[in-house]
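**Q** One structure, as C-alpha cells, below. Some questions next.
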Amino acid sequence: MWVGLATGDPRHHLRRTPVTTRRPERVKRIVVLTGAGISQESGLETFRDANGLWAHHRIEDVCTPEALARDPALVHRFYNLRRAQLRDVAPNAAHQALAELQAASRAGTWAGTVTIITQNVDDLHERAGSTDVIHMHGRLNSMRCTACEARHETTGDTTPATPCPSCGRPALRPDIVFFGEIPLHMEAITAALTTCDLFVAIGTSGQVYPAAAFVDLVGDAQTLDINIAPSEISTRFDETRLGAAGTLVPRLVRALMEAQHVA
Ligand code: APR
C-alpha cells in the first residue's frame with residue numbers, strides 16, 4: 001500500500017502498479033461502494049466535510065429511532081427538505097460513467113459485471129441509468145409504514161399525520177436506516193463482496209460501519225479507494241487515488257472498458 005502524490009498533478013495519486021492494469025483479465029466482477037462524495041459535485045452536501053450536513057444538524061435530533069419517537073415532525077421536516085433538494089440536482093460524470101459501464105455489461109460490449117452498493121439515499125445513480133442499485137441506508141423517495149411495513153414511493157412532503165396508502169394509518173416514517181438500525185440488503189451485499197475481483201470505494205469517509213469494513217470482506221480481490229482526500233480507511237486499500245470522483249471515475253471506467261472490451 002502506498003499513498004502519495006504523483007508528480008505533475010497534485011490531485012492524482014498513481015500507484016506504481018495501478019490495480020486495474022495489474023491483472024486486467026481478472027477484473028470481471030466489480031463491486032462499487034459509493035458514499036456522499038460521489039454526489040458532492042452534483043450539489044448535494046456530504047455529511048462530515050466542513051459545512052456538511054452533520055455540521056448543521058445533530059444526528060441524535062434527526063437520524064435515530066429515539067429522535068423519531070421524540071419529535072417525529074422534525075424528522076419528517078428534515079427528510080422533506082432533503083427530498084426536495086433532489087429536484088434541483090442532476091447526476092454528474094461519476095454517476096454517468098458507472099451507468100455506462102453497467103450498460104456496456106448489459107449490451108455485452110464489456111465482459112464484466114458491476115454491482116453498485118450505495119450508502120447514499122439520493123436517486124442519482126438511478127437517474128444516470130444505473131440498475132439494481134443496492135441502497136443499504138434506504139432511499140429519500142421511499143416511505144415505510146411502521147404499522148403494516150408497506151413501502152411507498154414518495155416525492156412530496158410528509159408529516160407524522162400522513163396516512164399510509166396501504167393501511168390508512170398515520171404511521172409512515174422515512175425509509176432511511178437511522179443510526180442504531182440494521183442496514184438493508186446485507187445478504188446480497190455480502191454475497192457480492194465475497195465473490196468480486198475488484199472492490200472500489202468512491203467518496204466515503206469510512207467512518208460508518210458496516211460499510212467501512214467492506215474492504216476487509218473481499219478476500220483476495222483488488223481494492224481501490226477514490227476520494228478527494230485520504231479517508232479513515234484509505235490505508236486498508238491496495239491503492240488510493242486522490243481527486244474528484246467526477247474526474248477519476250470516468251477515467252477508471254475508460255480503463256476498465258479498454259481492458260475488457262468485447263469486439
Ligand atoms: N470526489 C470524491 N470524494 C469526495 C468528493 C468528491 N467530489 N467530495 C467529498 N468527498 C469525500 C470526502 O473526502 C469524504 O471522505 O467524500 C467523503 C464523504 O464522507 P461522509 O460525509 O462521511 O459521507 P459517507 O461516507 O457517505 O457517510 C456514510 O454516514 O451519516 C451517515 O448515513 C449517512 O450514508 C451516510 C454515512
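No value in this document is a laboratory result; all are computed from the given coordinates. Values in this document were obtained by computation on a predicted structure and should not be read as measured data. Glycine also receives a Cβ, built like all others from the backbone with ideal geometry; neighbour counts cover every protein chain displayed.
**Q** Given contacts defined as C-alpha pairs under 8 Å and at least six residues apart, what's the relative contact order of the range 174-234, whole-number percent? Before the final figure, lay out the partial values.
**A** On the way: 52 pairs, mean separation 22.1, N = 61.
Averaging sequence separation for qualifying contacts and normalising by length gives 36 percent for the range 174-234.
**Q** Express in nm, to one decimal, how much length is gained between residue 229 and residue 188 on full extension, taking 0.36 nm for each residue of separation and deducting their alpha carbon distance.
**A** Details: separation 41, 0.36 × 41 = 14.76 nm, distance 2.94 nm.
Gain on extension, residue 229 to residue 188, equals 11.8 nm.
**Q** Once you place label points 7 Å from the Cα toward the Cβ at residue 132 and residue 89, how far apart are they in nm?
**A** Output for this residue pair reads 2.6 nm.
**Q** Now, a different point. So, R0 is 51 Å and r is the distance between the beta-carbons of residue 107 and residue 66; what FRET efficiency does that work out to, to 0.05?
**A** On the way: r = 48 Å, r/R0 = 0.93.
Efficiency, rounded to the nearest 0.05: 0.60.
**Q** In the chain, which Cys residues have no partner Cys with a Cβ closer than 4.7 Å?
**A** Here 63, 196 come out as lacking a disulfide-compatible partner, given the Cβ-Cβ threshold of under 4.7 Å.
**Q** Sticking with this one: Radius of gyration and Dmax for the chain's Cα atoms, expressed in Å?
**A** My reading of the Cα-based Rg and Dmax gives 19.0, 62 Å.
**Q** Do you know the relative contact order of the chain, to the nearest whole percent, from alpha carbon pairs under 8 angstrom that are 6+ apart?
**A** Working: 499 pairs, mean separation 71.3, N = 263.
It comes to 27 percent, rounded to a whole number.
**Q** Let me ask something additional. Taking neighbour Cβ counts within 10 Å as the exposure measure, how do 79, 209 sort from fewest upward?
**A** On the way: 79 23, 209 9.
So the ranking, lowest neighbour count to highest, is 209, 79.
**Q** If you build the Cα gyration tensor of the range 120-176 and take the root of 5 times each eigenvalue, what three semi-axes come out, in whole angstrom, biggest first? It would help to have the intermediate numbers written out before the result.
**A** Working: eigenvalues 109, 23, 16 Å².
With the √(5λ) rule applied to the range 120-176, the semi-axes are 23, 11, 9 Å.
**Q** Of the candidates 48, 83, 241, which one comes out as most mobile in a Gaussian network treatment of the chain with C-alpha springs shorter than 10 Å?
**A** Maximum among the listed residues: 48.
**Q** Still on this structure, please answer the following. Which loop GluC sites (Glu not before Pro) in the range 103-157, with loop taken from DSSP, have no more than 15 other Cβ atoms within 10 angstrom of their Cβ?
**A** Details: sites: 126, 149, 153; in loops: 149.
Sparse-neighbourhood loop GluC sites (Glu not before Pro): 149.
**Q** Still on this model: Given a Förster distance of 45 Å, report the FRET efficiency between residue 50 and residue 258 from their Cβ-Cβ distance, rounded to the nearest 0.05.
**A** Efficiency for this residue pair is about 0.75.
**Q** For the range 85-128, what size does the Cα cloud have along each of its three principal axes, sorted from largest down, in whole Å?
**A** The principal-axis extents, from largest down, are 36, 17, 13 Å.
**Q** What whole number of Å gives the distance from the Cα centroid of the range 184-205 to the Cα centroid of the range 82-119?
**A** Here the two parts' Cα centres lie 15 Å apart.
**Q** Still on this structure, please answer the following. Per 10 Å bin from zero, what fraction in whole % of the C-alpha pairs of the range 135-226 is there, up to the bin with the longest pair?
**A** P(r) for the range 135-226, in whole percents per bin: 15, 37, 24, 18, 6, 0.
**Q** Rounded to the nearest 20 debye, what is the charge dipole size of the chain about its Cα centre when +1 sits on each Lys and Arg Cβ and -1 on each Asp and Glu Cβ?
**A** Working: 26 positive and 29 negative charges, 68 e Å.
That gives a dipole near 320 debye.
**Q** I need two numbers for the range 34-176: Rg to one decimal and Dmax as a whole number, Cα atoms only, in Å.
**A** Spelled out, the Cα radius of gyration and Dmax of the range 34-176 are 16.6, 53 Å.
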